[in-house]
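Since the structure comes first, as structure tokens, the remarks are kept for the end.
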Amino acid sequence: MTEQIQYEENALHHLFLMVEAQDATCMLNLAGHPLRIREVIFQMVDNGCRVSKVGADFYNMFLYDKEVTEIYDYLTTIIKVKFAKV
């Protein structure tokens, strides 16, 4: 049986992800409530993306050809995106 982890209402987590879709590869810099971040990751996987966790050094050295995009969704997850190819 899996154990449910309880998070405080104002808990904040931060992580870096590499996301590969059929038509694009990008790096995400996410910050927000852990349950909301998990929901965002599940949505990406459900849409056919390959998602892997990387470190801050990999995010900072990632080569990209677009400007960094910032997204603020309605549940306060902050996502900074660097695209490698589109």
Going highest first, how would you order 32-41, 10-19, 52-61 by mean Cβ packing within 10 Å? 32-41, 10-19, 52-61
Which value results when the Cα radius of gyration for the stretch 1-56 is divided by 2.2 N^0.38 Å? 1.25
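FYI, it's all coordinate maths here, none of it is from the lab. Just so it is clear, the structure is predicted and the values come from calculations on it, not from any experiment. Glycine gets a Cβ as well: all are built from the backbone with ideal geometry, and neighbour counts include every protein chain shown.
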